[in-house]
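The values are calculated or read from the model by the stated rules, or taken from the named source; none is laboratory data. Since the structure is predicted, the reported quantities are computational estimates derived from the model, not experimental observations. Here the Cβ positions follow ideal geometry from the backbone for every residue, glycine too, while neighbour counts run over all protein chains shown.
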Amino acid sequence: MKLFTAITLISLSIFSFSSAHEGPWTAARPDGHAPISVMGDHMHKMGEWMVSYRYMSMDMKGLLKGSDSVAPIMMATGFMTNMLPTEMTMDMQMFGTMYAFSNKWTLMGMLHYLDNEMSMPMGKMDSNGLGDIKIAGLYDLAQWDSGRRMHLKLGLNLPTGSIDEKDPMSRVLGYGMQLGSGTYDFHPAITYLAQTENYSYGAQLGGILRIGENDQDYTLGNKFEAALWGARKITDSLSASAKLDYSSQSEIDGRDIRIHDRRDDVMMGMSMDSPTFDPNSQGRDITTFGLGLNYYFQNGGLSGHRLAVEWETPIDQKVNGVQLELDSVWTLGWQYAW
Ligand SMILES: [Cu+2]
């Protein structure tokens with residue numbers, strides 16, 4: 001897997017040193033949008049609208065303690081064997097809209113609908129519903145004639161997602177099964193894009209800064225994220241991409257007292273201790289490699305529509321505490337601008 005990293009880095013440097021095309025950066029090509037998992041990657045021209053739908057499915061399987069695989073037993077993990085998660089799927093549907101008020105400012109909003117399912121020896125649990133709403137302003141920082149541009153994202157997370165999800169016995173579920181952060185979060189990012197005749201590349205540095213604590217007195221970890229991608233235009237409608245993404249999220253600050261009470265049950269011999277209830281077993285450092293395709297309908301009745309797919313898999317991950325290992329992420333998307 002280290003080989004993939006090397007190949008991607010080498011190809012990206014080739015893209016960046018090859019001569020850029022004449023004229024400004026353009027969205028009117030399949031790789032005019034980044035791989036579909038990248039958010040806030042592009043801006044629009046004044047008066048332009050876009051609507052989008054994304055479906056993301058994340059699969060996790062097996063346990064990690066730090067960066068090591070561990071057996072799902074108490075002796076290896078320090079948590080009750082019957083309360084250790086064995087696998088989890090997180091499906092997310094995202095409905096987005098963008099509108100450019102001017103050539104300098106594009107506004108975007110995104111609605112999330114989540115569906116989580118987790119298995120443990122003692123049973124399956126699930127949660128689903130509306131997640132947090134995200135709004136953001138994208139500000140054009142610079143555009144050069146050689147197909148390069150740079151913009152800033154100022155995003156805000158609105159805590160519309162529930163942090164009160166419960167199991168059928170009315171007990172609060174673990175942190176990872178909740179639907180929102182419960183806090184207003186600041187999501188800044190800076191994006192750099194460049195195009196040559198047949199290639200394009202981009203880099204995005206961003207993060208999540210939590211503001212205050214939620215009404216259950218805890219705060220999810222802050223997050224830093226860096227993504228680097230390159231794409232090749234295969235035809236006027238089709239492009240293929242490779243992406244490297246590194247992110248680092250810290251553990252939870254504080255704790256949900258309702259969950260903490262459940263952990264206290266351990267003392268009373270009720271065997272409720274699980275890493276999913278542990279504020280220190282949240283957040284991770286992870287590097288993923290992704291491959292994607294973008295399709296852009298240029299003519300006919302579907303002109304202006306885009307379809308995209310991306311598959312990502314980790315090449316390196318280190319979890320805080322004990323957590324499930326991320327296996328793969330699929331993202332499918334549709335976008336339409338007018
Ligand atoms: Cu857009």
message = Quick check on G182: is it in contact with an Asp or Glu (Cβ under 9 Å, 6 or more places away or on another chain), on the phi > 0 side of the Ramachandran plot and either in a loop (DSSP other than H, G, I, E, B) or at pLDDT 95 or above (or both)?
response = yes
query = Which one of T86, T81 is of a type in the set (S, T, N, Q) and modelled with pLDDT of 95 or more?
reply = T86
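Here are some residues: M75, M108. Which one is modelled with pLDDT under 95 and among the hydrophobic types (A, V, I, L, M, F, W, C)? Give the derivation first.
On the way: M108 fails: modelled with pLDDT under 95.
Unique residue meeting the criteria: M75.
Suppose we keep only residues that are assigned to a loop (DSSP other than H, G, I, E, B) and in contact with a Gly (Cβ under 9 Å, 6 or more places away or on another chain) within the range 138-163. Which one would you say is farthest from A27 (Cα to Cα)? Walk me through it before giving the result.
Filtering the range 138-163 down to residues assigned to a loop (DSSP other than H, G, I, E, B) leaves 144-147, 159-163.
Now narrow it down to the ones that are in contact with a Gly (Cβ under 9 Å, 6 or more places away or on another chain): 145-147, 159-163.
Details: D145: 14, S146: 14, G147: 11, P159: 32, T160: 32, G161: 33, S162: 36, I163: 38 Å.
It comes out as I163.
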request  = For the range 128-140, name all the residues that are of a type in the set (G, A, S) and in contact with a Ser or Thr (Cβ under 8 Å, 6 or more places away or on another chain).
outcome  = G129, G131, G137
inquiry  = Just to verify a result, which residue in the range 83-110, among those that are closer than 30 Å to M120 by Cα and surrounded by fewer than 16 Cβ atoms within 10 Å (Cβ to Cβ), is nearest to the ligand (Cβ to nearest atom)?
reply    = Q93
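Quick one: would you say T97 is within 20 Å of W330 (Cα to Cα), assigned to a strand (DSSP E or B), modelled with pLDDT of 95 or more and of a type in the set (V, I, T)?
Details: within 20 Å of W330 (Cα to Cα): no; assigned to a strand (DSSP E or B): yes; modelled with pLDDT of 95 or more: yes; of a type in the set (V, I, T): yes.
For T97, the condition - within 20 Å of W330 (Cα to Cα), assigned to a strand (DSSP E or B), modelled with pLDDT of 95 or more and of a type in the set (V, I, T) - is not met.
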message = Which pairs turn up if I take residues in the range 123-146 that are farther than 27 Å from L107 by Cβ and look for partners that are of a type in the set (D, E) and modelled with pLDDT under 95 with beta carbon separation below 7 Å, at least 6 apart in sequence or on another chain?
response = M125/D167
query = Given D273, D285, which one is in contact with a helix residue (DSSP H, G or I) (Cβ under 6 Å, 6 or more places away or on another chain), within 25 Å of Q249 (Cβ to Cβ) and not polar (S, T, N, Q)?
reply = D273
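When you check M75 against the structure, is it away from the ligand (no atom under 16 Å from the Cβ) and without any contact (Cβ under 8 Å) to a residue 40 or more places away in the chain, yes or no?
On the way: away from the ligand (no atom under 16 Å from the Cβ): yes; without any contact (Cβ under 8 Å) to a residue 40 or more places away in the chain: yes.
When the stated conditions are applied, M75 passes them.
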request  = Would you mind telling me which numbered condition in (1) basic (K, R); (2) touching a Lys or Arg at 6+ places or on another chain (Cβ under 8 Å); (3) away from the ligand (no atom under 16 Å from the Cβ) K124 fails?
outcome  = (2)
key: Residue match in the range 49-70 (condition: surrounded by fewer than 17 Cβ atoms within 10 Å (Cβ to Cβ), away from the ligand (no atom under 13 Å from the Cβ) and without any contact (Cβ under 8 Å) to a residue 24 or more places away in the chain)   = yes
ask   = Consider Y218 against the criteria (1) surrounded by 17 or more Cβ atoms within 10 Å (Cβ to Cβ); (2) under 28 Å from Q143 (Cα atoms): it satisfies all of them except one. Which criterion is unmet?
value = (2)
inquiry  = I'd like to know if the range 179-189 contains one or more residues that are in contact (Cβ under 8 Å) with a residue 40 or more places away in the chain, in contact with a helix residue (DSSP H, G or I) (Cβ under 9 Å, 6 or more places away or on another chain) and crowded, with 21+ Cβ neighbours inside 10 Å.
reply    = no
request  = Spot the failing condition for I234; the list is (1) of a type in the set (A, V, I, L, M); (2) at pLDDT 95 or above; (3) crowded, with 16+ Cβ neighbours inside 10 Å, and only one is missed.
outcome  = (3)
